[in-house]
1. Does any residue of the range 66-80 turn out to be on the phi > 0 side of the Ramachandran plot and of a type outside the set (Val, Ile, Thr)?
2. Please go through the range 7-30 and pick out each residue that is among the β-branched types (Val, Ile, Thr) and under 16 Å from residue 119 (Cα atoms).
3. Take the residues in the range 31-78 that are within 18 Å of residue 122 (Cβ to Cβ) and in contact with a Cys (Cβ under 9 Å, 6 or more places away or on another chain); name whichever of them is surrounded by the most Cβ atoms within 10 Å (Cβ to Cβ).
4. Of all residues in the range 130-181, which are more than 20 Å from residue 7 (Cβ to Cβ) and assigned to a helix (DSSP H, G or I)?
Amino acid sequence: MGLLRAARADFAARLTAVGPDQWDLPTPCGDWSVRELVLHLVRGNTMAELLLAGTSREDTLAALAEIRPTDLVAAFEDSADRQETAFATPGALERTCHHPVGDIPGSQLLGFRIGDMDLHAWDLARAIGAEESLQPEVVEAVWASLSPMAAFIGETGVFGPGPSGMVPDDAPLQARVLDLSGRRP
């Protein structure tokens, strides 16, 4: 849970820095604006909560489509609180979750959420011109989770083109994680 809280803190620090005129700025995530990026995180947090509660894949996706908050900062905080509570429930990490990618254990879902929140913290920072450094312990966890997929990560459709092959093995770990996940700082 500590890594989830740290990833949340990385994202929340950037989110609270979003100015009123920055919600429609583009992000490094395809054609997502800042607003759409934050909505993605709100929906991802809610998805984890629902899946950990045993909600079916279909019902979860239907519920996510209905989420259209007007106050994205408050919606993020609320959804992140509910996600943390769901992961703290006894047995949550062992529970089978019916995720859109297939059935996965709660522990894998936790890894997905940590990576999603932290990588998007960098995306949000880049979009609004905020500090881009991420917490090293979270970056290490994201690297441990994603690096085994390096050979095919670009084929998943989730991480852009995947690694560029241009970042040396001795580059700072954050630079390697960003490149592995299709980001080009």
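Throughout, read-outs are computed from the coordinates displayed, never taken from laboratory work. For clarity, every value in this text was computed on a predicted model and none was experimentally measured. Heads up, the Cβs are rebuilt from the backbone with ideal geometry, glycines too, and the neighbour counts pull from every protein chain shown.
1. No, there is no match, as no residue in the range 66-80 is on the phi > 0 side of the Ramachandran plot and of a type outside the set (Val, Ile, Thr).
2. 27
3. Filtering first and then ranking leaves 37.
4. Listed by number, the residues that qualify are 154, 155.
To keep it simple, each residue is scored yes or no on (1) over 17 Å from residue 41 (Cα atoms); (2) crowded, with 17+ Cβ neighbours inside 10 Å; (3) among the hydroxyl-bearing types (Ser, Thr, Tyr).
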site: 89; (1), (2), (3): yes, no, yes
site: 116; (1), (2), (3): no, yes, no
site: 130; (1), (2), (3): yes, yes, no
site: 139; (1), (2), (3): yes, yes, no
site: 172; (1), (2), (3): yes, no, no
site: 184; (1), (2), (3): yes, no, no
